[in-house]
Every structure is written in structure tokens, then in C-alpha cells.
Amino acid sequence: MSGKTLALRDTTIGKKAIMAVTGVIMVGFVTAHMIGNLQAYSGREVFNAYAAFLHGLPGPLWAARLVLLGSVIAHAWAAISLVRQNRAARPVRYQVKQTLATTYAAKVMPLGGLILLFFIVYHLLHFTTGHVAPGEFRGWQDAYHNFVTGFQVPAIAGVYVVANIFLGLHLYHGVWSMLQTLGINHPRYNHWRKRAAIGLAVVVAGGNISFPIAVLAGVIK
């Protein structure tokens with residue numbers, strides 16, 4: 001059984017399946033994370049109550065973090081393996097570069113993935129541990145304060161806006177490819193698959209981008 005598992009993992013289909021499954025987990029997380037952060041629009045009391053609720057469930061919270069961490073590692077491994085495999089299979093570049101079927105989002109996926117990995121680390125150091133938080137960091141007990149003071153710095157707000165633009169591109173191409181790998185691939189409903197990918201990317205990335213802009217504009221203060 002283990003030999004078969006390893007053989008499947010080492011195939012292109014196996015690696016794409018790993019990316020699809022871990023992609024579902026990560027898409028679910030970023031969507032839930034964005035929805036949770038919308039509580040900031042309701043003010044300090046509601047947002048801090050939301051943070052307290054999460055930290056009142058240490059078991060499920062750490063389980064979710066570990067599953068997410070494992071998914072990120074597996075997703076990155078599969079992506080890097082596929083890139084290396086494709087390059088090895090085509091050591092000589094084509095004389096004529098075909099780009100008709102390649103979207104801009106697909107082209108920036110490797111760069112976007114790397115940027116997002118660095119951003120995840122920065123985000124944790126900013127809002128979870130407070131190591132790079134500007135000013136006073138008050139932990140989860142006053143998460144609203146950390147939220148507002150962090151985004152009041154234009155440079156930090158800019159980092160989040162740029163990172164979430166890449167997240168949107170990553171989500172668009174990732175969701176499109178993920179649904180294809182999971183078997184949702186037919187001319188009759190491929191346009192719905194594209195709309196779903198675009199819609200989710202716009203909602204999640206747009207929601208996240210709205211936070212620093214709302215703070216800088218004084219809507220959230």
C-alpha cells in the first residue's frame with residue numbers, strides 16, 4: 001500500500017491531486033479569514049469579541065493551524081515538483097512562444113506563490129506575534145487596536161494591498177485549475193467555472209484590500 005501511495009504521489013496526476021485538495025483547504029481558510037475580519041466594520045467591541053471567541057477554542061484553533069500549515073507545505077512541494085518536472089521534460093525552450101491559452105494569472109503563479117509565502121510569515125509576525133507590529137501590540141485581547149494601528153502606516157497598508165492583488169490572481173488561476181483537476185471540466189459549464197474563479201478571487205482579495213483602505217480613509221478607526 002505504501003509503495004502505491006508513493007508511486008501516485010510522484011506522478012503528475014498525484015501532484016495535481018495534492019495541489020487540488022490542499023487548494024480546497026487553503027481557499028476555505030482565506031475565505032473564512034476574510035469573512036471573520038469583516039467584523040472590524042462593526043467596531044472594537046464586536047471585533048475583539050470575535051478574537052476572544054477564536055482564542056477560547058484552543059484545540060480546534062491549533063488543529064486548524066496545523067492542517068493549514070501542512071496544506072501550505074504540501075501545496076508548495078507539489079507546485080515546485082511540477083515546475084521542475086515540466087522543465088526537465090522540455091529542456092529546450094520553444095522557438096515560438098505560445099501564449100494564447102496562457103492567462104496573466106497563470107504566468108505570475110510561481111512569483112505570486114513565493115510572494116504569498118513571505119507575506120504569510122510577515123502577516124503572522126504582524127498580527128499574531130506582534131514582532132513587526134508598529135507601536136504598542138496588545139495581543140488578541142485588543143485585536144482591534146492592532147488592526148487599526150497596523151494599517152494606519154501607509155507602507156504596511158501598501159504591503160497588504162499588493163500581497164492581496166497577488167492573492168487574487170493566485171485564487172483565480174488556482175480555483176480554475178483546482179476545479180478542473182476535481183473533474184469539473186466540460187464545455188457546457190466551463191464558463192461557470194471561470195465565473196466562480198473570478199468571483200471568489202474578487203470577493204476575497206477585494207474584501208482584504210478594503211481593510212487597509214478603510215483604515216487609511218478613517219472608515220475604520
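The values are calculated or read from the model by the stated rules, or taken from the named source; none is laboratory data. Remember, it's a predicted structure, so these values are computed and weren't measured experimentally. Please note: Cβ atoms are built from the backbone with ideal geometry, for glycine as well, and neighbour counts cover all protein chains shown.
Looking only at segment 14-71, count every residue that is under 18 Å from the mean Cα position of the chain (by Cα) and of a type in the set (S, T, N, Q) and tell me the total. Residues that pass the stated criteria total 4.
The test for being surrounded by 14 or more Cβ atoms within 10 Å (Cβ to Cβ), part of a helix (DSSP H, G or I), at pLDDT below 95 and not hydroxyl-bearing (Ser, Thr, Tyr) does not hold for GLY3. From the list VAL153, VAL148, the one residue that fits, being among the β-branched types (Val, Ile, Thr) and touching a Lys or Arg at 6+ places or on another chain (Cβ under 7 Å), is VAL148.
For segment 206-220, the criterion of being buried (at least 19 other Cβ atoms within 10 Å of the Cβ), within 19 Å of GLY28 (Cα to Cα) and modelled with pLDDT under 95 is satisfied by no residue at all. Pairs are defined by a Cβ separation below 7 Å, a sequence spacing of at least 6 or placement on different chains, a first member in segment 195-209 that is farther than 13 Å from HIS170 by Cα, and a second member that is in a helix (DSSP H, G or I) and of a type in the set (Val, Ile, Thr); the pairs so defined are ALA196/VAL175; ILE209/VAL161.
When you scan segment 169-191, do you find a residue that is at pLDDT 90 or above, surrounded by fewer than 15 Cβ atoms within 10 Å (Cβ to Cβ) and either under 13 Å from the mean Cα position of the chain (by Cα) or over 22 Å from TYR41 (Cβ atoms) (or both), even just one? The answer is no, given that none of the residues of segment 169-191 is at pLDDT 90 or above, surrounded by fewer than 15 Cβ atoms within 10 Å (Cβ to Cβ) and either under 13 Å from the mean Cα position of the chain (by Cα) or over 22 Å from TYR41 (Cβ atoms) (or both). Taking residues in segment 39-56 that are touching a residue at least 12 places away in the same chain (Cβ under 8 Å), and partners anywhere that are surrounded by 14 or more Cβ atoms within 10 Å (Cβ to Cβ) and of a type in the set (Ser, Thr, Tyr), the pairs with Cβ atoms closer than 6 Å and at least 6 places apart or on different chains are ARG44/TYR144; PHE47/TYR144; ASN48/TYR144.
Quick grid of which residues meet (1) among the aliphatic types (A, V, I, L, M); (2) under 21 Å from ASN164 (Cβ atoms); (3) at pLDDT below 95:
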| residue | (1), (2), (3) |
| --- | --- |
| LYS15 | no, no, yes |
| HIS33 | no, yes, no |
| GLU45 | no, no, no |
| LEU57 | yes, no, yes |
| LEU61 | yes, no, yes |
| ALA76 | yes, yes, yes |
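Considered as a group, the residues in segment 78-88 that are among the hydrophobic types (A, V, I, L, M, F, W, C) and surrounded by 10 or more Cβ atoms within 10 Å (Cβ to Cβ) include one that is modelled with the lowest pLDDT, and that residue is VAL83.
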